Each structure stands twice: as structure tokens, then as C-alpha cells.
Amino acid sequence: MREFTLDDLKRILRASGGESDVTSLEGDIADIAFGDLGYDSLAVLELAGRVEDEYAVVVPDAAVQELPTPAAVVDFVNARLREAVSR
Amino acid sequence: MSPRRAVITGIGVMAPGGTGREAFWDLVTSGKTATRTISLFDPTGFRSRVAAECDFDAAALGLTPREIRRMDRAAQLAVVSAREAVSDSGLEPERLNPHRVGVALGSAVGCTMRLEQEYVVLSDHGRHWDVDHAYAVPHLYDYMVPSTLAREVAWACGAEGPVALISTGCTSGMDAVGHGARIIEEGAADVVVAGATDAPISPISVACFDAIKATSPNNDDPEHASRPFDLNRDGFVLGEGAAAFVLEPEDEARRRGAHIYAAITGYATRSNAFHMTGLKPDGREMAEAIGHALHEAQASAEDVHYINAHGSGTKQNDRHETAAFKRSLGDRAREIPVSSIKSMVGHSLGSIGAIELAACALVINRGVVPPTANLHTPDPECDLDYVPLTARECRVAGVLSVASGFGGFQSAMILQELGAVRG
Amino acid sequence: MRARSVVTGIGVVAPNGADLEDYWAATLSGRSGIAPMTRPAASSYPLRLAGEVPAFAAEDHVPGRIAVQTDRWTHLGLAASAMALADADADPAAFPEYDMAVVTASSSGGTEFGQREIQKLWSRGPRSVGAYQSIAWFYAASTGQTSIRYGMRGPCRVLATEQTGGIEALAEARRILRGGARLVLAGGTDASLCPYGIVAQFTNGQISRATVPEQAYLPFDRRADGYVPGEGGAMMVLEDLDEARRRGVTDVYGEIVGYGATFDPPPDSRRPPNLRRAIQVAFDDAGLTAGDIDVVFADAHGTPSADRLEAETLVSLFGERSVPVTAPKTMTGRLYAGGAALDVATALLSLRDQTIPPTVGIHRPAFASALDLVVDQARPATLRTALVVARGHGGFNAALIVRLILD
């Protein structure tokens, strides 16, 4: 099964949201809220759209609001990918 | 009294739900809605498939085949409404000095529909980034520059004075009317055709709002999808249309015995400098705009008898402006009827601000306040009198209308019956 | 007392110079930025030349978070705005938030960004359209982003009148200062040199088909066959003269003293065009006459009929060869929303340095007996007042008069 890692998220986030001017994405950012990383709601929507596109998963509207941190997105996407395999 | 204060002497409207000003008035006072499943293109695969569309027959409304071929839908809507406004004003175009006639037209997205349609052809449905110029239509550049919309209205009305297109997103309509009023006050023109148009019901516009989840996904119940101030609202419903006014200086309008709908006594715009789409819940900058508009009108909260809300039906907007009304008008905000006609005619981006001002001028003239349709379950955080479901008769001498748009723009305008004007 | 609107800072991003002094040095020395187009691959287009801003990298001027959500047109605008504020030595944090405003001209919005998203939509479906399309493509993007960047909460605006937009923006800025604001950032930029933008521009029938830069954009020359499009523009800081002095400003570029705008009748009309009247309205607004004008920055369309109309208009107002006329835009191409703004900036620099920049490439002047066209080399002159003329596609005419503050 293809896995979605924190590094994958950072790569997509850099491309979709631009380099943060608040904090470096190099460190352990998994549990820092996107807002505190310098990314607003549009950046999170853009991230979700690109993840959907690249990993062929669907992120429901409500889920976008319920994914406040990089770790939450990684867990969510991997759960969807596992479902897709087991189906 | 300011002799060159701008007054409204003619109104034209092309809105969803009917053709012309009177059909528009009938719809927005009936509480019926013009929102439906999108028919202008096949919306399969889109998140939001609901819109308020105009049943618009350009040929039946007097546009020639050549004009229809040349003009984007937004231009067609604008020209038809401008002609209705001029006709309503009683001015005889052939007797006007074209040098003293101006145009101030608003539009948020210009000629998007034709731009997209042509792109689809030239790129072979998006297959080629390097689009093929050999298949381009002669008017493609006209569609690329939104100023073409103002040009079409200027040509239709014989305007050779100051002509401009104002494009401040969803405040464009109000800002264009405000701009037109300034041109009158400054004396650069004696007649200004002011208004706005947008025809955004095309795949790219629907998709761009899908992407930020701003529009209602209530596809199973399109007639009830636009639900401003209702607890169960889930986004705005895209609309289309145009409205135009004839503006003249008060002294000239009186001299020729024109029917005067209302005077534009106050207008202000402010920016929130916060976020391109986000709104802070305190409504601070909109309140600031309202305060300035009232100040310019030399009016107080007591002089406002009806508020035409932006009322888009997004969670953040409805709370934002409710806070702005309370902040700027104090306790008086609870006594004034507030309604959103977007519940019935949708949100036509830059054009709706002008369409709403048309409703406001007619409210003053006719003593009926349109309702907010689909408001069955009030949101406890939106706790003003939103005139749910049915229109209300009441004497209205002063109206506040507001607009709020992407880019952070917040605008407010005061229209007053001539007898109520101070200063 | 009514505000006197003066320009206290200028930011320029142009094909022949990506900041104010580089641009001005290039312009005075006749160095053109028109060159074979590099972006996009132009081989398949009838348009081979353009005025691209070669030295501009968004990451040098725009924060990464903002760069991804905006089009190049906005990048250029943000860069020019930052340079204008620095040039004016104005710190937005030191001004009351509601007393600052942003006014930009937009001619065609975020064309390249829009093309990319429309392409995604049609090739891959609605869900592939990104979250930024709704804020990057529309005409108000640059004003909104600039207002946010600097906390400018006053009355902001966007005017779309094609190539006259820069003048409209400055006139609106003057109106806003008269309404009580203290600082207005105003001007315009453009960047529509993507494939769809180029193809659309080509349909207006006014683009030069020349393939050699030196022969491409030759207004008032017998070889004129159209114009070359370019990108870039200028943003300016406008303040009330007294307020500016109060905060310690000593170097003021000049005052906006006159503005006029008119519109032409439809092409099939028998009525005359209205360019002359726009200039006359600006004279009346300024309380000046033709004799007060020391230099004219022409619209210089580069098509024979438009050049003739402008030459005849200038002669009718000024007489034959009685005022120097120039068109430094022969070194940048026409910049649409950025064009008139850059012309006004250039006129102000001209007043500052008492030098008229040249029109380049004119070897076979078509109106030598009518126009005193400043060609090839900059001309020193005693200058107090400059007239800038602009025309926009569809029939827009505008004129702006700027004047040195002498005292």
C-alpha cells in the first residue's frame, strides 16, 4: 500500500501553500496547528485539493475543518488509503 | 442642500425570476425564490449545482443579432437594464449632450463566460497550454478586458463623458453607483448611467467557489438553497443579472420634473485588510463604512427604516454583518427590519450590489419591505428582525444597504426619500 | 482647504528596468526592454516580441505564502508598491489605518493564473480547480492583497479602463485624498503574456507583426504597424502636500493638478472622437492652458490611424511643433493597466531631472512638420508642467497634468 508520510505533506504544503514566513517546516511540525504554522483556511483547502488529486482520496468538506494539524491529515489520508486497499 | 446631490430618476433590472424592473419587484416581494438546478451548462460533477439564473431572451429584448454575437452575456444583461433605466427616467437620449453623459459600471468577473467558452475551443478542451490562435474569434480581446462592459453601455446610452468599469469584487455594484454619484456631484457629467452586471454561471466560476466550499451544496432542494440568517444555511447560491440607474443632480432632475425615486445621500467603503476571503466576527470595518455613510448623509440610526443586508448565507458573513449593524447603529439595530434578497435572486457577485440598491429605491417608493425567504430556523447568533418569509408594508424614508466582498472590501450606502434629506 | 495631491514615492517594475533608477537610467539612455519573447514559447504565435520584465523574481519581492495565491500581475504590483513606500519613506504603521487606501488599475486580471485553472478544469475536471482561483484571477486581487499587506483600511478601488487605467487610478486617489485620506498607493501593473493572453491580444488587430525589436513599435513613424505588448507598471504614493511636509517629506515629485476623461462614440457613428476634449477638460481642471505645458507624454498607439488622430489633436491644441512630445513607451511596449501609470511616473522623473526621455526607433517620422518629437536622445529642458495622454481599447481617453512644486 502506498503511504502518505509527513514528508509528503511537507512537500505538497510547500508547493501549495508556499514557504511559511512564521516557522520552518524542517522541524517536528506534526502537531502544530496549520494556523500557527502560518497557513490559513485557503492554504488548507488548497493542500486538501492537491492531496486528493495526487493520492486519489476524497477529503469531505467537514473533514477539512476537522484536520487542524499535519498529523491529523497524515492519519486521515493513510486511513483512506488502507480502506481503499482492503476494499 | 447640495444642488448637485445625485438622485435616482430611472431604474432598470435584469434579475433571475423575471424580465425587467417590475417582474423583479414582484418576485422579491412575493417571497418566492428563483434558485434552481443549473441549466446554463451541465453541472454534473460539481459540488454546488444550484444557481439563480435569468431566463433571458436577448433578441426579444431588442438586441440585434450582431450585438448578441459580439457581447458576452454580462454585456447583454447590462445593456438591456441600462436601456430600461433610461426609458424609465423619461430622458430623451437624442436630446442629451453626449459629452455630459457618463457611465459607471461595476462587474466582479467581467466577460468570464465568453473567455471560458473561447478557451475551451482554442485549447481543444484544455488539451493544449499553447492555445491555437488560428481559431480565435475577432472579439476575444474585448472579452479579456472587462472595460468592454462599460463600453457597451456607453455605446447603448450615447455616453461620451467619463466612462469607467469599477471592479471591487462583490462590492463592485455599490461602488460603481457610489462612483457615479461622485461624478455627478463633482460636475463632470449631468447624467450618469450607473449600475453593475455579472454573468458568472459558467464552469470555472462555479468550480472556483466549489474549491473553497463557499457555495451551497444543497443540490436536492435548489429552491430553498439560499438561506441567509437561517441556522441551516450552508453557503451562498450563485446568481447572475444586472441593474442600472439613471443618476442626475437633484436640481436638474427637479427642473425637468422627473420622477425621483430617492437621493443618494451617503456612501463609504472601507477595507478589512485582514484576509482575501475571511471576515472577523466583530464587523468592525463594515461598521466603520456604515458610520461614514451616515455621517455623509447627516443622518442618524433613527433615519434608517430598512436595512438591505449583504446576507449571502455563509456562516461567517451573516454573523459579521449582524455584528456590524449592532456596532454602528446600537440598540436601534434591533428595531429596523433587515432582509436579504439573495435568498430569492442569489448572489450575482459584483452585480448584486446594484440589484439590491434597485430594491432599496423601490422600497422607499412603494412602502413594502421584501422578506428574507427560507428563514425558518433563526440562527441564535443572528438575532435581528430579518423579515422572515413574507413582505411587510411600512413607510420607509431612509435605507441602508451594505456590501461585502473578497479582497476585504466593505461598502455602505444611504438612500433617502427627498423629503427626508437633511443638509 | 482642499487637499493638494502630490506624489511622494514611486515604484517601477518595467521591461527595461526592474526598479526606479534602473528604469530611469535605461530610459534616458534609450535602452529598450523590447526583445524576443521568452515566456511562453512563442514560436507558434504571430507575436514574437514583447516587453518582458526579465530580472523579476517573485520570491525576491513577495512572501512565499502570498506568491502561491497570486498571479504575476499582482507580484509586480506588490513589488512596485513596496518600492514606492520605501521611496516615500512612508511607514504604513505610522498612519491611521482608515486614512490609507489602495487604488489599482486592472486591465485583464490574473490572466496566466486563470488560464492554468481553466485548463485544469477542462482537462481534469471540476475538483482539480484550486482554492486560490477565486482570489487570484479577479480584477480586485492586487488592491486587496496590497491593502492586506500594509493594513490599509481606507476606501480602496479598482478601475478597469484598459490603457487609461493608470490615470483613472491616480485621479481616484486624488478624490480619496480630497475626502480626507492621508496616504493613497495608486497606479497599475499588468502581466498578460501567457499563451491565452497573447492570443487574445492579437485579436484586437493592433499588435505589430515585426520580428526585429528595433522595428517593432514605431509610433509617429511611417513604418508604424502596431504596438508591442509588455508587462510591468508603476505604483505611486500620493499624499496631501501639507500633510507630507508635516511628516518631514522634503522631496516631492510633483502635484496632480489636472485630470480629464472622455469616451469615444461608436465606430459607426458620424460623431468625432473625444481625445481633444479629454485634454481640454484636464486643462480646465488644472486652470492651465496649452501654453503652460512644457512636455507631452503621448499615448503613441503605434497604428497609423491612431497616431494621426493624436498628432492632429496635439496640433489643434498646441500648434505645430510648439511643445516637445515623447513616447518612452517605445522602450517598454504598451503595458495596459501599467502603461499610463508608468508614463506618469516617467513624467515626474522628467520634471525632477529637467530632462525629456527619448522616443526610440523613429527614423522616418510621419509628422515631422507637426510634432516636435524627442527622438533617440534625451533632451535637457526647463520643465515645470507635463501632460500625459492615454487611450484605452474601446474608446477610453484620459489626460493627466503633473506639475512641479516650486517654492
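The values are calculated or read from the model by the stated rules, or taken from the named source; none is laboratory data. This one's a predicted model, so the numbers in the text were calculated from it and none came from an experiment. Positions of Cβ are backbone-derived with ideal geometry, glycine not excepted, and every protein chain shown enters the neighbour counts.
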Pair list, Cβ under 7 Å, 6 or more apart: the stretch C:344-355 residue farther than 12 Å from C:I10 by Cα, other residue in a helix (DSSP H, G or I): C:T355/C:L28
Filtered residue count, the stretch C:60-93, keeping only those that are away from every other protein chain (no Cβ under 14 Å) and free of Cβ contacts under 8 Å to residues at least 40 places away in the same chain: 1
Residue match in the stretch C:37-50 (condition: surrounded by fewer than 22 Cβ atoms within 10 Å (Cβ to Cβ), in contact (Cβ under 8 Å) with a residue 24 or more places away in the chain and under 22 Å from C:G166 (Cα atoms)): no
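Residues being under 24 Å from B:A74 (Cβ atoms) and either assigned to a loop (DSSP other than H, G, I, E, B) or of a type outside the set (A, V, I, L, M, F, W, C) (or both): count how many of those fall in the stretch B:1-25. Before the answer, list the steps.
Residues of the stretch B:1-25 that are under 24 Å from B:A74 (Cβ atoms), as a first pass: B:8, B:10-25.
Now narrow it down to the ones that are either assigned to a loop (DSSP other than H, G, I, E, B) or of a type outside the set (A, V, I, L, M, F, W, C) (or both): B:10, B:12, B:16-22.
Number satisfying all stated conditions: 9.
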Search result, residues across the stretch B:138-159 that are within 7 Å of another protein chain (Cβ to nearest Cβ) and either assigned to a helix (DSSP H, G or I) or surrounded by fewer than 18 Cβ atoms within 10 Å (Cβ to Cβ) (or both): B:P138, B:L140, B:Y141, B:M144, B:S147, B:T148, B:R151, B:A154, B:W155
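Residues in the stretch B:224-231: is at least one surrounded by fewer than 21 Cβ atoms within 10 Å (Cβ to Cβ), of a type in the set (D, E, K, R) and away from chain C (no Cβ under 13 Å)?
Checked the stretch B:224-231: no residue is surrounded by fewer than 21 Cβ atoms within 10 Å (Cβ to Cβ), of a type in the set (D, E, K, R) and away from chain C (no Cβ under 13 Å).
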Condition broken by B:I11, with the remaining ones in (1) farther than 30 Å from B:I260 by Cβ; (2) in contact with a Lys or Arg (Cβ under 9 Å, 6 or more places away or on another chain) satisfied: (1)
From the options B:I307, B:I364, B:I264, residue that is assigned to a helix (DSSP H, G or I), away from chain C (no Cβ under 14 Å) and either surrounded by fewer than 19 Cβ atoms within 10 Å (Cβ to Cβ) or of a type in the set (V, I, T) (or both): B:I364
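Condition (residue is acidic (D, E), in contact (Cβ under 8 Å) with a residue 60 or more places away in the chain and more than 21 Å from C:L170 (Cα to Cα)) applied to the stretch C:197-214: is it met by at least one residue?
Restricting attention to the stretch C:197-214, the residues satisfying the condition of being acidic (D, E) are C:214.
From what is left, the residues that are in contact (Cβ under 8 Å) with a residue 60 or more places away in the chain are C:214.
Keeping just the survivors that are more than 21 Å from C:L170 (Cα to Cα) gives C:214.
Among the residues of the stretch C:197-214, at least one is acidic (D, E), in contact (Cβ under 8 Å) with a residue 60 or more places away in the chain and more than 21 Å from C:L170 (Cα to Cα), which makes the answer yes.
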Residues within the stretch C:117-140 that are more than 7 Å from chain B (Cβ to nearest Cβ) and touching a residue at least 60 places away in the same chain (Cβ under 8 Å), tallied: 3
Of residues in the stretch C:185-213 being in contact with a His (Cβ under 9 Å, 6 or more places away or on another chain) and hydroxyl-bearing (S, T, Y), the one modelled with the lowest pLDDT: C:T203
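Criterion first (more than 20 Å from the chain's Cα centre (by Cα), within 21 Å of C:L275 (Cα to Cα) and surrounded by 22 or more Cβ atoms within 10 Å (Cβ to Cβ)) does C:L371 satisfy it? Step through it out loud before you land on a result.
Values: more than 20 Å from the chain's Cα centre (by Cα): yes; within 21 Å of C:L275 (Cα to Cα): yes; surrounded by 22 or more Cβ atoms within 10 Å (Cβ to Cβ): yes.
Against the criterion (more than 20 Å from the chain's Cα centre (by Cα), within 21 Å of C:L275 (Cα to Cα) and surrounded by 22 or more Cβ atoms within 10 Å (Cβ to Cβ)), C:L371 qualifies.
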Selection within the stretch C:173-196 - closer than 30 Å to B:Y135 by Cα and surrounded by 24 or more Cβ atoms within 10 Å (Cβ to Cβ): C:T189, C:D190, C:A191, C:S192, C:L193, C:P195, C:Y196
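Quick check on C:R334: is it at negative phi, in the same structural domain as C:V281 (by TED's automatic domain parsing) and crowded, with 19+ Cβ neighbours inside 10 Å? Steps first, answer last, please.
On the way: at negative phi: yes; in the same structural domain as C:V281 (by TED's automatic domain parsing): yes; crowded, with 19+ Cβ neighbours inside 10 Å: yes.
So C:R334 passes the test.
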Residue pairs meeting the criteria (Cβ under 7 Å; at least 6 apart or on separate chains; first basic (K, R), in the stretch B:69-87; second crowded, with 24+ Cβ neighbours inside 10 Å and outside any helix (DSSP H, G or I)): B:R73/B:A199; B:R83/B:G12
Among (1) over 17 Å from B:S167 (Cβ atoms); (2) touching a Leu at 6+ places or on another chain (Cβ under 6 Å); (3) hydrophobic (A, V, I, L, M, F, W, C) - the single one B:A82 does not satisfy: (2)
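Across the stretch C:189-221, what is the number of residues that are within 14 Å of chain B (Cβ to nearest Cβ) and of a type in the set (D, E, K, R)? Break it down into steps so the answer makes sense when it comes.
Narrowing the stretch C:189-221 to residues within 14 Å of chain B (Cβ to nearest Cβ): C:190-207, C:209.
If we keep only those that are of a type in the set (D, E, K, R) as well, we get C:190, C:209.
Adding up the residues that qualify gives 2.
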Options C:L317, C:L238; residue that is of a type in the set (A, V, I, L, M, F, W, C), under 26 Å from C:G9 (Cβ atoms) and touching a residue at least 40 places away in the same chain (Cβ under 8 Å): C:L238
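Could you pull out the residue among B:E67, B:E118, B:E84, B:E94 that is part of a helix (DSSP H, G or I) and within 9 Å of chain C (Cβ to nearest Cβ)? Step through it out loud before you land on a result.
Details: B:E67 fails: within 9 Å of chain C (Cβ to nearest Cβ); B:E84 fails: within 9 Å of chain C (Cβ to nearest Cβ); B:E94 fails: within 9 Å of chain C (Cβ to nearest Cβ).
Result of the check over B:E67, B:E118, B:E84, B:E94: B:E118.
Residue-wise test of (1) touching a helix residue (DSSP H, G or I) at 6+ places or on another chain (Cβ under 9 Å); (2) among the aromatic types (F, W, Y); (3) buried (at least 24 other Cβ atoms within 10 Å of the Cβ).
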residue: C:A136; (1), (2), (3): yes, no, yes
residue: C:I148; (1), (2), (3): yes, no, no
residue: C:L159; (1), (2), (3): yes, no, yes
residue: C:G166; (1), (2), (3): yes, no, yes
residue: C:A171; (1), (2), (3): no, no, yes
